[in-house]
1. Using helices alone, what [θ] at 222 nm do you get for chain A, with -39,500 (n - 2.57) per DSSP H run of 4 or more residues, divided over all residues and rounded to the nearest 500?
2. Mind putting a number on the dipole of the stretch A:221-342 about its Cα centre? Charges go on the C-beta only, +1 for Lys and Arg and -1 for Asp and Glu, and I need it in Debye to the nearest 20.
3. Please report, to two decimal places, log10 I(q)/I(0) for the stretch B:140-185 at q = 0.14, 0.26, 0.29 Å⁻¹ as given by the Debye formula with identical point scatterers on the Cα atoms and no solvent.
4. Defining a contact as two alpha carbons under 8 Å apart and six or more residues distant in sequence, what relative contact order in percent does the stretch B:172-288 show?
5. Sorted from largest to smallest, which semi-axis lengths in Å does the alpha carbon gyration tensor of the protein assembly as shown give for its equivalent ellipsoid, taking the root of 5 times each eigenvalue?
6. With an 8 Å Cα cut-off and a minimum separation of 6 or more residues, compute the relative contact order for the stretch A:192-334 in percent.
7. Report the far tail of the P(r) of the stretch A:196-321, meaning the percent of Cα-Cα pairs longer than 19 Å.
8. Among A:K214/A:K243; B:K157/B:K250; A:K286/A:K311, which pairs are too far apart, with a Cα-Cα distance over 30 Å?
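Since every read-out is calculated from the coordinates, none of them should be taken as a lab result. Here the structure is a predicted model, which means the values were calculated and not measured. Cβ atoms come from the backbone with ideal geometry, glycine included; neighbour counts cover every protein chain shown.
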Amino acid sequence: MAKPSRNWGPLHPAAAEETAERLAKTDLPRERQLEIYRFLRLNRMTEDRLSNLYRQGKVVGGLYSSRGQEAISVGSACALEPQDIVGPLIRNLGTMFVRGVQPREVMMQYMARADGPTGGKDVNTHFGDMKRGLVAPISMLGALIPVMAGVALAGRMQKKDLVALTYIGDGGTSTGDFHEGLNFAAVLNVPFVLIAEHNGYAYSTPIAKQMRVKNIVTRAAAYGIPGEMVDGNDVLAVYEATKRAIDRARSGAGPTLIEAKTFRMRGHAEHDDAGYVPPELFEEWKKKDPIDRFERHLLANGLATEEDLKKIVTEIDEELNREVDAALASPMPPAERAFEGVYCEVGAE
Amino acid sequence: MSAITYIEAIRQAMWEEMEQDERVFLIGQDIGIYGGAFRATAGMLDRFGPERVIDSPISESAMIGTAIGAAMMGMRPVVEMQFIDFIACGFNQIYNFAGPNHYRWGQSVPLVVRGPSGGGVRSSNFHSQNPESIFQHGPGLKIVAPGTAVDARGLLKAAIRDPNPVLYFEHKFLYRRIKEVLPEGEAVGRLGEARVMRPGDRITLVGYGATTWTCMEVAEELAKEGVEAEVIDLRTLVPYDEETVLASVKKTGRALVVYEAQLTLGFGAEVAARLADAAFPWLDAPIRRVAYPDRPVPYARVLENALLPDKGKALAAARELLRF
């Protein structure tokens, strides 16, 4: 099993001409595509850094990587409007960055610091902020689906013209809440989009043991809603599909189920070496790495030079150095905080 | 003003809150066009429209989850469980999403889940349960069990206005059996406060929901023998008003807790445990509980009556305590 890279990954300038990556067609301007590149790299580099910190015992508990799936988080989140609300799961760190979460917050959260987003109360991506349009998940998969349908319903009641977006893994589609929530959203016709990340494994359970259908998207028909399958490792395809679904929802046409095909390039969590995955699958999917493909696209289409991309990567690297140091230097929460905050005080909501 | 029933008081509370706060809306099965299985929402679809009185598919988890999402957006949803027994189908959303939410990331969930609990109506195990103590275990939740029509209205209004998730366990046996004249005006109740229904000095009888009335009946019987019992209606289970109960037991020296939930870890068990500690120097007798035995609810009248903690059983227990 390949060790995770300590670098941010090689750029592929030489390969650019020969294997010019044809990603989905888009009207996104150059600046926006470079932003997307930055978020992809930020996603991966932050998780690599967290992995290192985990090895040093500075991050404890569950550490879940989205390596190989960054295009889904970043591409989809970039299709949101400012008033939209998203409910990320544990492998959607990229989504949180696109919504304005800062690396400093992520480091503080993962290191359980007093001044982090939950002040030491909860782990990894389990934090949110309604003002930034972010809803925190719980560990029980599927639960966020009806909750985000409710966010969409409330948005309609409040005439806010907003769309609610959330995600689910292939394993999570087996839960009762996936069924109940998606059906509820469909029947109420709320402005809601669900992205199912088909990454091949739910912890150690391969897709063949999870469901009898080949494609999650076929389930859309069961709820009477449109479904779209997309190459989850093509960030532009994910962006375009999500944009279509969001526009459809905003127009009042109801929910869409998007299935994004990808592969989980790490184990379920940091402690899991994924020995149950045939190595050839990792080799096959490494060639489809979403960040490598996007780089080739940017270079081949003259949207960026190697220097442009190296600059972005260097800036992220330096930022992460600063933010990790700042987080390491910041205090742990006081023990008394364990007793606080169970209830919202009347008037404080 | 004329007297209205307990269920009508609940309906009135929802109606009044819907009128004066457009954030309030209702989700449940058959609450719209049918007006609710117990008529708790009769007339509300016509008055408030289908966007605010939502007839839901049979999905307790989705109903509650959707309400959680809407509540985080600042709405004030009230979810009806057609029978409280079905709250089990939405357990995860209540216990793991709504309850801990504010503690985890500081976001309030102003949600109410309400419905008819309790037995004595020959409806067997899935239409008669008292599952409140399963949820009293869940941090972040508030649990209310009104025993009077006045409180049914006042406390539901308070629950709707509370920024926390509140589980509102009505007792279906009381729905049409008690009728009271309600106070004028808004009369919003206060969560977390028990009420002394009847003052006394020889023994404290603690109940909630239907057993509030069981305790009152016991007190009436004892009064004929010259014994004045103090009856406390808990009204809110979580947060529990330990102070009121403790003050009473310090005065009387004897405590009998009567509850319709199963004996083991029913809410009365917590009342007893706390009294055993805090009231110890004042006790003249052990703290006793009269509750439903640890059994499911049977159907046949003779079987159900054998298990219900009725006036006879509670009176016998009270007399035993008075003999100490």
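1. Working: 13 runs with 146 residues, N = 349.
Value at 222 nm, helices only: -12500 deg cm²/dmol.
2. 660
3. For the stretch B:140-185 at q = 0.14, 0.26, 0.29 Å⁻¹, log10 I(q)/I(0) is -0.35, -0.96, -1.08.
4. Values: 189 pairs, mean separation 32.4, N = 117.
RCO, the stretch B:172-288: 28 percent.
5. Working: eigenvalues 597, 140, 86 Å².
After diagonalising the Cα gyration tensor, the semi-axes are 55, 26, 21 Å.
6. Numbers: 137 pairs, mean separation 37.9, N = 143.
It comes to 26 percent, rounded to a whole number.
7. Details: 4987 of 7875 pairs.
The calculated P(r) of the stretch A:196-321 puts 63 percent of pairs beyond 19 Å.
8. Those over the limit are B:K157/B:K250.
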